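Okay, structure first, notes after.
Bear in mind that the values in this text are calculations on the coordinates, not laboratory data. Note that this is a predicted model, so its numbers are computed, not measured. As a convention, Cβ positions derive from the backbone with ideal geometry for all residues, glycine included, and neighbour counts pool all protein chains shown.
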Amino acid sequence: MPALPRITGRQLRIGAASAALVGLSAVSLTNLASSALLTDSKTAGPATVTSGNVSLALGSTTFSNLAAGASAPGDAKYTILTVTNGGSLQMRYSATLNWSTSNALTQAMQFGVIKVATSSSTCDGTLSWSTAVDSTTYLAKDVTASGTSVALFGSNAAGAQAGDRTLAAGGAEHLCVRELEPSTYSTNSVLSSNVSITFDAEQTANNA
């Protein structure tokens, strides 16, 4: 059996160094392969995004016309309220009648609302106050409050409700309001309360 060749220490060192170089080369090639990335980037835009809004305003109002110092059965008071949407979104709105206190007089007083063409349109007893409510021109008829508030037309609940009014952005409409002490009122005492009307609006977009 022939004798195996004798490996010297120098040969062992050269072999180990060669193996290390081979390992280092593999690592270097791997690093080169993983870092050689070709990239590019482009940006689309910009596009300006601005939130819309609803802005309800009351213009050309003479609400004090509804005040009465010594109202008698059969008396009627009238005023025109102009409702404006100064926002950028279409809105729907409702109206609520309010009394500061409830008593026999406030529970008897009747309110009606008719839509008219302008803030200077006729708003008096010659209008057709006996016509049935159609939610287009005749919005409220003989509304009375058993307590301190009652819906005049529409509802301030969220979403589309019966009687709500729709108003485009920048639009306006004019409402003739009648306050009537009915001829049947017979409480012979001095009663008083403050009346007001609250208008509530909300967007129509994505709010069915």
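For the reader, a short list of remarks on this structure follows.
- Remark: pairs (first residue in region 186-202, surrounded by 13 or more Cβ atoms within 10 Å (Cβ to Cβ); second residue β-branched (Val, Ile, Thr); Cβ separation under 6 Å; 6+ apart in sequence or on different chains) = 193/101; 193/106; 201/54.
- Of all residues in region 164-197, those satisfying the criterion of being in contact with a Gly (Cβ under 9 Å, 6 or more places away or on another chain) and part of a strand (DSSP E or B) are 165, 172, 176, 177, 178, 179, 180.
- Of all residues in region 125-163, those satisfying the criterion of being aliphatic (A, V, I, L, M) and assigned to a loop (DSSP other than H, G, I, E, B) are 127, 132, 133, 145, 157, 158, 160, 162.
- The set of residues from region 143-182 being closer than 14 Å to residue 108 by Cβ and not aliphatic (A, V, I, L, M) comprises 144, 146, 147, 179, 181, 182.
- Per the listing 71, 100, the residue uniquely of a type outside the set (Asp, Glu), crowded, with 18+ Cβ neighbours inside 10 Å and within 25 Å of residue 191 (Cα to Cα) is 71.
- Residue in region 159-171 that is without any contact (Cβ under 8 Å) to a residue 60 or more places away in the chain and either buried (at least 18 other Cβ atoms within 10 Å of the Cβ) or closer than 19 Å to residue 129 by Cα (or both) present: no
- Selected residue [in a strand (DSSP E or B) and of a type in the set (Val, Ile, Thr)] from 122, 96: 96
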